[in-house]
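The values are calculated or read from the model by the stated rules, or taken from the named source; none is laboratory data. Being a predicted model, the structure only gives us computed values, none of them experimental. Cβ sites come from the backbone with ideal geometry, for glycine too, and all protein chains shown count toward neighbours.
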Amino acid sequence: MRLELDPNPTSGKVFAAYGLFLLLALFLLGVLFLAYGVSPLRAYGLLFSPLADPLGLAEIARRTIPLLLIGAGLALAFRVGFFNIGAEGQLLMGAVGAAYAALFLPVRPWTLPLMFLLGGGLGALWAGFAAWLRVHFGASEILTTLMQNYLAYYLVVYLVAGPWKGKLVFGFLYTDRFPEEAQLPRLGDTLVHWPTLLLGVAAAALLQALLFRTPLGFAWRVQGENPLAARYLGLPGGRLLLLAALFSGLLAGFAGVGEVAGIHLRLLEPAQISLGYGFTAILAAWLARGRPLFVLLTAPLLGLILAGGDALKMALSMPFRVVDVVSGLLLLALVGAEALSRHRILWRR
Amino acid sequence: MEEALFRAVLFGTPILLASLGALLAERSGVVNLGVEGIMALAALVAFGVALGFTPLLGLLAGVGVGVLGGVILGVFTVTLRANQFVAGLAVAALGLGASGLLGKRYEGVPLGHPLPEGGLALLALFLAFSLHHFLYRTRFGLYLRSVGENPKAADLFGVSVDGVRYGALTLGGGLMGMAGAYLSLAYRPSWTDGMTGGLGWVAIALVILAAWEPLRAIFGAYLFGLLFFLQFRLQGSVPIPSEAFAAMPYLLVILVLALSGRTRAPKALGVPFERGR
């Protein structure tokens, strides 16, 4: 038996490959649940429980917001060939920028826009640094952006435990609460900070239009498909890469602003600001196949998994690492399914 | 001074083992970004087996986890020719997640009979020299290098590209597993969530710093070990926040990558092999 390339798979085959691998992932997840000592059926039920009631749906929506913003940016970055694994760190930098504007600058009517500007800017800077290292020194952005995640993590820990620690919070590691003017409005009693959601939808649409309807988008796509051809065409490869990195960093920064200004209303420990949004958004972007607009579909799907993971954590007091397991398995299933659907199985040699 | 060097070697040993594993796989043309996860899971399984049976069996179990990780990555990257970077990151997340999920009950449990650190450090050194000998002085080493440089030519000469890559991934995974087991059975010897603390990523960066040469990896690993020792020593005695020290290994990796970004990698690194293309 061997595998041979199949450049134009039928949609039925693609569907079957994805179905097969997703089932496999669910099965392996069940085995892990059993090893942990939980009935797999009960665990699956909890994983999908947020779909059942309005509160659960709001939880999904709340998690969709950062996934949408980051995922749209990553879909662009991946398409151009900048493998940004550091959205998590860029999100944290966005949160840092927002917290600085909210807590240490005089409160004005334009405090919220300023928070987005500062947070988005820091996120873009964080991603741009990795792109600069790649363009000028040839350092793999897969590793540098990943390492920058840890740097941002420790920066936030340092800030909330040290200089920015709130005056009114005694044993806890977080800053004071943001003033009223620095808080995003929410939908009713839920945690859905709708301005950020709108921003995410707009970003996905804008990037889609930019990528497929403008000369810049064309250059981006050539650079991503075939860097050598881009060079022969005289396209500025480095600048294209840098620009895509800045966009994805900016959006990840926005996501960080949304999390602290819309949900937590203060800067706190990094593990509480982001539930692995940066990593999960990679899945959203990967699933969207380099089309920012498709992230409008994939982000809610992954939002469900995060909300379900939270339900698992609450109901069974599982460590939150369970989300790492689910997203790791899902990522393996997706990359495997994508690869399998591109191949034909030949039973003879 | 002597103590510093000794601690540097002991701390450098898991980095050395893991980077030897990554190096072996990369020499055959496959990137294994799953190091951190493989080490984390191997550390846990090794610790569990050592508690239930003997530490030596624990070490073997840790190696076994690594081998299994290598095989899984092989199925995706070699047989299915999936994106190596994405598959590797998935393995990293899976290993970290599974160890954090399953290891809770072992947190804070001491290990009665740890393995000797010095002995394992010597073993790691021996393995580095063996790997050098294997790569440059044996027929199979030549096959492996040729698969990493020019798989098409190797295939034409009758070398099984897929077979060599599976071999390199499994052996390399075994070394990563040993690195994880060293942490929980000899260095600590205990288990805590996140005990690998980024060493797997350091190991991947070290492969680049060492320009894919096992003997250079020895120096690199001990250099990192010395830096970690200094970090440990200086902590508390200088007015620098502890977070800055914790962030140091990651900053170091970025620095290393920037300084040695353009060293020559194996030509076919990261490229799936497809016969007839």
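Out of (1) within 14 Å of chain B (Cβ to nearest Cβ); (2) among the aliphatic types (A, V, I, L, M); (3) without any contact (Cβ under 8 Å) to a residue 24 or more places away in the chain, what's the single condition that is false for A:V96?
(3)
Got a sec? Which of B:L251, B:L257, B:L269 is in a helix (DSSP H, G or I) and either among the aromatic types (F, W, Y) or closer than 30 Å to B:S146 by Cβ (or both)?
Selected residue: B:L257, the only one of B:L251, B:L257, B:L269 that is in a helix (DSSP H, G or I) and either among the aromatic types (F, W, Y) or closer than 30 Å to B:S146 by Cβ (or both).
Return the only residue of A:A131, A:A161 being surrounded by 19 or more Cβ atoms within 10 Å (Cβ to Cβ) and either touching a residue at least 12 places away in the same chain (Cβ under 8 Å) or more than 10 Å from chain B (Cβ to nearest Cβ) (or both).
A:A131
Conditions: (1) in a helix (DSSP H, G or I); (2) buried (at least 16 other Cβ atoms within 10 Å of the Cβ). A:R177 meets all but one. Number of the miss?
The number of the failed condition is (1).
Only one of A:L46, A:L29 is within 11 Å of chain B (Cβ to nearest Cβ) and within 30 Å of A:V192 (Cβ to Cβ); which?
That would be A:L29, the only listed residue that is within 11 Å of chain B (Cβ to nearest Cβ) and within 30 Å of A:V192 (Cβ to Cβ).
Restricting attention to segment A:37-47, which residues are touching a helix residue (DSSP H, G or I) at 6+ places or on another chain (Cβ under 9 Å), closer than 13 Å to A:A315 by Cβ and not basic (K, R)?
Those that are touching a helix residue (DSSP H, G or I) at 6+ places or on another chain (Cβ under 9 Å), closer than 13 Å to A:A315 by Cβ and not basic (K, R): A:V38, A:S39, A:A43, A:Y44, A:L46, A:L47.
Can you tell me which residue among A:A139, A:A127, A:A152, A:A131 is among the small types (G, A, S), part of a helix (DSSP H, G or I) and over 23 Å from A:Y100 (Cα atoms)?
A:A131
Going by the conditions given, is A:G120 of a type in the set (G, A, S), over 15 Å from B:Y250 (Cα atoms), assigned by TED's automatic domain parsing to the domain that holds A:R266 and part of a helix (DSSP H, G or I)?
yes
Just checking, how many residues over segment B:163-196 are in a helix (DSSP H, G or I) and closer than 30 Å to B:T79 by Cα?
The qualifying residues number 19.
Filter segment B:197-246 down to the residues that are aliphatic (A, V, I, L, M), at pLDDT 80 or above and not in a helix (DSSP H, G or I), then identify the one that is nearest to B:A265 (Cα to Cα).
B:A211
Do we find that B:L89 is assigned to a helix (DSSP H, G or I), facing chain A (nearest Cβ under 10 Å) and closer than 20 Å to A:W286 by Cα in this structure?
yes
If we keep just the residues of segment A:180-215 that are surrounded by 13 or more Cβ atoms within 10 Å (Cβ to Cβ) and among the hydroxyl-bearing types (S, T, Y), which is farthest from A:G56 (Cα to Cα)?
Out of the qualifying residues, it is A:T196.
Based on this model, can you work out whether A:F218 counts as of a type in the set (F, W, Y), away from chain B (no Cβ under 14 Å), surrounded by fewer than 19 Cβ atoms within 10 Å (Cβ to Cβ) and under 23 Å from A:L265 (Cα atoms)?
no
Right, A:V192: in contact with a Lys or Arg (Cβ under 8 Å, 6 or more places away or on another chain), assigned to a loop (DSSP other than H, G, I, E, B) and either within 14 Å of another protein chain (Cβ to nearest Cβ) or β-branched (V, I, T) (or both) or not?
In short, yes.
Residue by residue through segment B:96-117, note down the ones that are of a type outside the set (S, T, Y), more than 8 Å from chain A (Cβ to nearest Cβ) and touching a residue at least 24 places away in the same chain (Cβ under 8 Å).
Once the filter is applied, which keeps residues that are of a type outside the set (S, T, Y), more than 8 Å from chain A (Cβ to nearest Cβ) and touching a residue at least 24 places away in the same chain (Cβ under 8 Å), segment B:96-117 yields B:G103, B:E107, B:G108, B:V109, B:P110, B:L111, B:H113, B:P114, B:L115, B:P116, B:E117.
Limited to segment A:303-337, what total is found for residues that are in a helix (DSSP H, G or I) and free of Cβ contacts under 8 Å to residues at least 60 places away in the same chain?
Count: 9.
What's the number of the only condition in (1) among the small types (G, A, S); (2) assigned to a helix (DSSP H, G or I); (3) surrounded by fewer than 20 Cβ atoms within 10 Å (Cβ to Cβ) that A:A102 fails to meet?
(3)
So which residues in segment B:32-59 are surrounded by fewer than 24 Cβ atoms within 10 Å (Cβ to Cβ) and more than 30 Å from B:R233 (Cβ to Cβ), if there are any at all?
Within segment B:32-59, B:G48, B:V49, B:L51, B:G52, B:F53, B:T54, B:L56, B:L57 meet the criteria.
Under the condition of being more than 7 Å from chain A (Cβ to nearest Cβ) and surrounded by fewer than 18 Cβ atoms within 10 Å (Cβ to Cβ), which residue from segment B:249-259 is modelled with the lowest pLDDT?
The residue in question is B:L259.
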